[in-house]
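Step one of this worksheet: look at the structure below.
The values are calculated or read from the model by the stated rules, or taken from the named source; none is laboratory data. Just so we're clear, the structure is a prediction, and the values are computed from it rather than from any experiment. Please note: Cβ atoms are built from the backbone with ideal geometry, for glycine as well, and neighbour counts cover all protein chains shown. Surface accessibility is based on the protein's heavy atoms, side chains included, excluding ligands, DNA and RNA. Shrake-Rupley method; radii C 1.70, N 1.55, O 1.52, S 1.80 Å.
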Amino acid sequence: METSTGTIRRLARYAPAICLLVLLGCAHNYPQTTLLPRGDFGRLVDDLFRTTVFWAIVVFVLVEGALVFAMLKFRGRPDDPEPRQTHGSTLLEISWTIIPALILAIIAVPTVKTIFKTSDYATGDVVQIEVIGHQWWWEFRYPDLGIVTANEMNFPVGKTVNLRMTTADVVHSFWVPQFAGKRDVFPKRHNPLWFKAEVTGNFSGQCAEFCGVQHARMGFRMVSQTPEEFAAWAEAQRPGSPLVNKGVVAPDTTAPVDSAARVARQAGDSLRKVGDALFSSAGCIGCHAMVGTPLAGTTSLKGPNLSHVGSRTTLVAGFMANTDENLRKWLSNPDSVKQGTLMVLPRKLTNEEIATLVAYLRAHQ
Ligand code: CUA
């Protein structure tokens, strides 16, 4: 009686931890889980994982079952004589070498099959996207659509997305848990990855290879859209892309329809003028491409293309929501938001300049 009370007391000490584990099982929001695949590539990997776990459980039950059976059936009793002493058994030793080797050989079949299925570029009717890792953000280029964007990858649901991936600096790892596996990106070479999304929505992505102080804040967003939404997004993103007319956009010369439209046009024009001048004089232009300005290069950008930054949902590689307040914080002192960031302001901006730049960037939808 004493012992069982003690046991219960000891178990009670672990109760909070056990309850917490059980409660965690009830949560629904796991943005980085690989166990809820939402694409064909993710499903292939998940199937392989489940097959392997199934066979691991079979092996576990058989081995542990035999062990428990032997422990119970052949357990020693107080008056037993000393058991027969043996040394080695060729039959047993060969069996427990061959059986695991066979199991590994069997598991290797679906594993190698999945590796071959997922190791090359997708062909056919695909959405082509070039992925370039940077310390610490992601550049996405759509060569067929003439789009260059950052940290948010838009794509249509139900159509294969074919990624060709590299890095501008160190090794990173592109990871979209619910669509595909992880794949490292290396300087001066390209790696493939593809997936076809099954559902629309926003999904989380993350750099999965330690790449410097802000590795943890090298996130990105995967935006799966209906084909119509994607087409509209692509059309809106093309102007100002370094891939289209070197990013230069012809000014709108159509006559405003009414006086309100004229006032809005004038306000927009003046904001653009002041913003353009500040964008150059404050040094932003050294690293960022921007619609209508000489560009930081069409091959590689040091910082994200800002032509449509106002339309993105997040700032600083998925780290914060794209609000005026966060943009202001970032422009006041980037290093205080993301320590070690390679975005260095050539000089401190005044509050007035920051307010102008926030309005200017926000206007770039
Ligand atoms: Cu890039 Cu970690």
**Item:** Near pairs, Cβ below 6 angstrom, 6+ apart or cross-chain, from the range 244-258 (over 19 Å from Leu306 (Cβ atoms)) to any residue that is open to solvent by 100 Å² or more (accessible area, probe 1.4 Å) and not in a loop (DSSP other than H, G, I, E, B)
**Value:** Pro256/Arg262
**Asked** Glu228 versus (1) within 16 Å of the ligand (Cβ to nearest atom); (2) farther than 28 Å from Cys287 by Cα; (3) charged (D, E, K, R): which is the lone unmet condition?
**Response** (1)
**Prompt:** Mind checking which pairs have a first residue in the range 26-46 that is in contact (Cβ under 8 Å) with a residue 12 or more places away in the chain and part of a loop (DSSP other than H, G, I, E, B) and a second that is open to solvent by less than 70 Å² (accessible area, probe 1.4 Å) and aromatic (Phe, Trp, Tyr), Cβ under 8 Å, 6 or more apart or different chains?
**Reply:** Pro31/Phe203; Pro37/Phe179; Arg38/Phe179; Arg38/Phe203
**Given (1) surrounded by fewer than 17 Cβ atoms within 10 Å (Cβ to Cβ); (2) under 26 Å from Gly268 (Cβ atoms), index of the condition Gly303 fails** = (1)
**Prompt:** Out of all the residues in the range 151-170, which are within 16 Å of the ligand (Cβ to nearest atom) and either of a type in the set (A, V, I, L, M, F, W, C) or more than 28 Å from Gly212 (Cβ to Cβ) (or both)?
**Reply:** Met153, Leu163, Met165, Ala168, Val170
**Message:** Give me the residue from the range 325-347 that is touching a residue at least 24 places away in the same chain (Cβ under 8 Å) and of a type in the set (D, E, K, R) and, out of that set, nearest to Ser280 (Cα to Cα).
**Reply:** Arg347
**Asked** Of all residues in the range 270-299, how many are modelled with pLDDT of 80 or more, open to solvent by 60 Å² or more (accessible area, probe 1.4 Å) and under 22 Å from Glu235 (Cα atoms)?
**Response** 1
**Request:** Within the range 42-59, identify whether any single residue is open to solvent by 90 Å² or more (accessible area, probe 1.4 Å), hydrophobic (A, V, I, L, M, F, W, C) and over 30 Å from Phe195 (Cβ atoms), and answer yes or no.
**Result:** no
**Prompt:** Hey, among the residues in the range 171-194 that are among the basic types (Lys, Arg) and within 14 Å of the ligand (Cβ to nearest atom), which one's surrounded by the fewest Cβ atoms within 10 Å (Cβ to Cβ)?
**Reply:** Lys182
**Fill in**
The condition from (1) assigned to a loop (DSSP other than H, G, I, E, B); (2) surrounded by 10 or more Cβ atoms within 10 Å (Cβ to Cβ) that Gly65 misses is numbered (1)
**Item:** Sole residue being touching a helix residue (DSSP H, G or I) at 6+ places or on another chain (Cβ under 9 Å) and over 26 Å from Pro37 (Cβ atoms), chosen from Ile103, Ile147, Ile98
**Value:** Ile147
**Asked** Do any strands (runs of 3 or more DSSP E) lying entirely in the range 138-215 carry at least 3 residues that are among the β-branched types (Val, Ile, Thr) and touching a residue at least 40 places away in the same chain (Cβ under 8 Å), and which ones are they?
**Response** 147-150
**Request:** Mind counting the residues in the range 116-170 that are open to solvent by 50 Å² or more (accessible area, probe 1.4 Å), within 20 Å of Lys188 (Cβ to Cβ) and among the aliphatic types (A, V, I, L, M)?
**Result:** 2
**Asked** Which of (1) modelled with pLDDT under 85; (2) away from the ligand (no atom under 16 Å from the Cβ) is the odd one out, the single condition Lys302 does not satisfy?
**Response** (2)
